[in-house]
Amino acid sequence: MNIAFCGHKDFIASNDIEAKIIEMLLMYARKEREVCCFNGGYGAFDCLAAHCADKAKEKTGNIKNCLVVPYLSKKFNKECFDEIIYPPLEDVPPKWAICRRNEWMVDNSAVIICFVSCGFGGAAKTLRYAKSRDKLIINLFDSCK
């Protein structure tokens, strides 16, 4: 099972949200043979999501933390990831690579765990795309209201 993360780059982490993400990952890890967490590697929410995947992985052996990159030429912080994935984006102009990478993560995931608090920006666009694909969406912003 694949889970994609999506959230604002200016997200402010909290212990409560961290605990919720870890709890969800462990719940899916108990149900599935393997859980692959897709992470875009940009911004504060992605950083927290990667941290949570690592924490959950320590408690169970069937979680994989995957960085999904939109470009082959750019340097990414790959240290905390188990695998680097480059989706089939060779023919996508660089201007659209992040958007197409996000769509690939949604298309190849069963669950989207996100923190989207407003209707604009890349995270909001990805959330709208996930809704159009009838994905199971867990928006942690809704639990903070």
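Output the number of residues of the stretch 100-144 satisfying the condition of being over 16 Å from CYS37 (Cα atoms), of a type in the set (D, E, K, R) and outside any loop (DSSP other than H, G, I, E, B). Qualifying residue count, the stretch 100-144: 5. For the stretch 1-12, how many residues meet the condition of being surrounded by fewer than 16 Cβ atoms within 10 Å (Cβ to Cβ) and either among the small types (Gly, Ala, Ser) or at pLDDT 95 or above (or both)? The total comes to 1.
In the stretch 15-31, is there at least one residue being in contact (Cβ under 8 Å) with a residue 24 or more places away in the chain and among the polar types (S, T, N, Q)? No, that holds for no residue.
If you go through the stretch 63-70 one residue at a time, do you hit one that is within 24 Å of PHE141 (Cα to Cα) and open to solvent by 40 Å² or more (accessible area, probe 1.4 Å)? There is no residue in the stretch 63-70 that is within 24 Å of PHE141 (Cα to Cα) and open to solvent by 40 Å² or more (accessible area, probe 1.4 Å). All of (1) in contact with a Phe, Trp or Tyr (Cβ under 9 Å, 6 or more places away or on another chain); (2) under 15 Å from GLY41 (Cα atoms); (3) loosely packed, with under 13 Cβ neighbours inside 10 Å hold for PRO88 with one exception: (2).
Restricting to the stretch 31-50, what's the tally of residues that are open to solvent by 30 Å² or more (accessible area, probe 1.4 Å) and modelled with pLDDT under 95? Qualifying residue count, the stretch 31-50: 8. Pairs meeting the criteria (first residue in the stretch 126-142 and open to solvent by 40 Å² or more (accessible area, probe 1.4 Å), second residue at pLDDT 95 or above and of a type in the set (Ser, Thr, Tyr), beta carbons under 8 Å, at least 6 apart or on different chains) are LYS135/SER109. May I ask you to verify whether LEU48 is touching a helix residue (DSSP H, G or I) at 6+ places or on another chain (Cβ under 6 Å), touching a residue at least 12 places away in the same chain (Cβ under 8 Å) and within 20 Å of CYS36 (Cβ to Cβ)? When the stated conditions are applied, LEU48 does not pass them.
The values are calculated or read from the model by the stated rules, or taken from the named source; none is laboratory data. Just so you know, these numbers come straight off a predicted model, no measurement behind them. Don't worry about glycine lacking a Cβ; one is built from the backbone with ideal geometry, like all the others, and counts go over all protein chains shown. Just the protein is used for accessible areas: all its heavy atoms, side chains included, with ligands, DNA and RNA removed. Shrake-Rupley method; radii C 1.70, N 1.55, O 1.52, S 1.80 Å.
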